[in-house]
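Asks: Pasting in a structure now, in structure tokens, and then I'll have a few things to ask.
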Amino acid sequence: MQSVQLPSVAGLFYPADPADLDQDLRQLLAAAEVVVSAPKALIAPHAGYVYSGPVAATAYAQLRPLAGRIQRVVMFAPAHRVPFAGIAVSGADRFRTPLGDVPVDRAAVATALQLPHVVDFDGAFQGEHALEVQLPFLQLLLGGFALVPFVVGEARGEDVAAVMEALWGGDETLIVVSSDLSHYLDYAAAQARDLGTTRAIEALEPGRIGYHDACGRTPVQGLLLAARQHGLRVRTLDLRNSGDTAGPRDRVVGYGAYLFY
């Protein structure tokens, strides 16, 4: 019998009703344009859709021409709830959202588990929103695809880059990193810090991204290392914060959308 990772934040971070979720996604994506035809990787934020959804949509809109071509999504999200060492994979066969089930590429998981810093730890996925909120965007835009899900605990960017390299694949494989930017600064301070982080991402310089710059700094660092290795370029698609979308401006969270091609 196949095991299913059930959603944890449906009805909290995004609508639990499939029709409402579909409508919200389409409204968010309608405001975003396709600017590069063949992305290899994306960085997208992971807050509730009312906060970060407009920014995430600018990243995911780039996948509109790729339905049917992308067959596998390798996703890295930071751990928010459970401390652990390494990079966790799930034992689940499917991940469920209100839009249906996404199959897990178990062969790819088995390949990743051969690497020294990858651990089989379902506890990392329990209640973790950072990976879950990305899936409905992918389901709507890609239709059928297989997921290779990772939650990153205490690890190095080099460890993440090694996993990416093992699963890099070709045009059929998309890599997604889930990360917000600065947390709980005032609006002007957040803008300045997030612009600095954006410049580091654009320059593919992981050493310039520190602990307070991005909650997903380790997977972001790993992607920058892998992008350098493969000669990718970066395009910043959107850079805003919760003060621009749905919150007050005294304590904001930064959101950026980045495309690697």
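The values are calculated or read from the model by the stated rules, or taken from the named source; none is laboratory data. Owing to the predicted nature of the structure, the values given are computational and were not obtained by experimental measurement. Cβ sites come from the backbone with ideal geometry, for glycine too, and all protein chains shown count toward neighbours. All accessible areas refer to the heavy atoms of the entire protein, side chains included, with ligands and DNA or RNA removed. Shrake-Rupley method; radii C 1.70, N 1.55, O 1.52, S 1.80 Å.
Asks: From the list G68, G53, G86, which one is on the phi > 0 side of the Ramachandran plot and crowded, with 17+ Cβ neighbours inside 10 Å?
Replies: G86
Asks: Scan the stretch 85-115 residue by residue and report those that are closer than 15 Å to F145 by Cβ and small (G, A, S).
Replies: G100, A107, A108
Asks: Being under 19 Å from the mean Cα position of the chain (by Cα) and on the phi > 0 side of the Ramachandran plot: is that true of L174 here?
Replies: no
Asks: Turning to a different aspect of this structure: Taking E154 and the conditions (1) of a type outside the set (A, V, I, L, M); (2) under 23 Å from G86 (Cα atoms); (3) open to solvent by less than 10 Å² (accessible area, probe 1.4 Å), which numbered condition does it fall short on, given that it satisfies the others?
Replies: (3)
Asks: Kindly provide the set of residues from the stretch 243-261 that are open to solvent by 10 Å² or more (accessible area, probe 1.4 Å) and more than 15 Å from V176 (Cα to Cα), ordered by number.
Replies: Matches in the stretch 243-261: G243, D244, T245, A246, G247, P248, R249, D250, R251, V253.
Asks: Here is a check on your reading of the model: is L29 surrounded by fewer than 22 Cβ atoms within 10 Å (Cβ to Cβ), touching a Lys or Arg at 6+ places or on another chain (Cβ under 9 Å), touching a residue at least 12 places away in the same chain (Cβ under 8 Å) and assigned to a helix (DSSP H, G or I)?
Replies: For L29, the condition - surrounded by fewer than 22 Cβ atoms within 10 Å (Cβ to Cβ), touching a Lys or Arg at 6+ places or on another chain (Cβ under 9 Å), touching a residue at least 12 places away in the same chain (Cβ under 8 Å) and assigned to a helix (DSSP H, G or I) - is met.
Asks: Take the stretch 140-151 and flag every residue that is open to solvent by 10 Å² or more (accessible area, probe 1.4 Å) and part of a strand (DSSP E or B).
Replies: Passing the criteria: only A146.
Asks: OK, next. Just to check your reading of the model, which residue among V74, V119, V104 is at pLDDT 95 or above and open to solvent by less than 10 Å² (accessible area, probe 1.4 Å)?
Replies: V74
Asks: F137 fails exactly one of the following numbered conditions: (1) in contact with a Phe, Trp or Tyr (Cβ under 9 Å, 6 or more places away or on another chain); (2) part of a loop (DSSP other than H, G, I, E, B). What is the number of that condition?
Replies: (2)
Asks: Now for a separate question. Can you name the number of the only condition in (1) farther than 27 Å from V234 by Cβ; (2) assigned to a loop (DSSP other than H, G, I, E, B); (3) open to solvent by less than 60 Å² (accessible area, probe 1.4 Å); (4) at pLDDT 95 or above that W168 fails?
Replies: Going through the list (1) farther than 27 Å from V234 by Cβ; (2) assigned to a loop (DSSP other than H, G, I, E, B); (3) open to solvent by less than 60 Å² (accessible area, probe 1.4 Å); (4) at pLDDT 95 or above, W168 breaks only (1).
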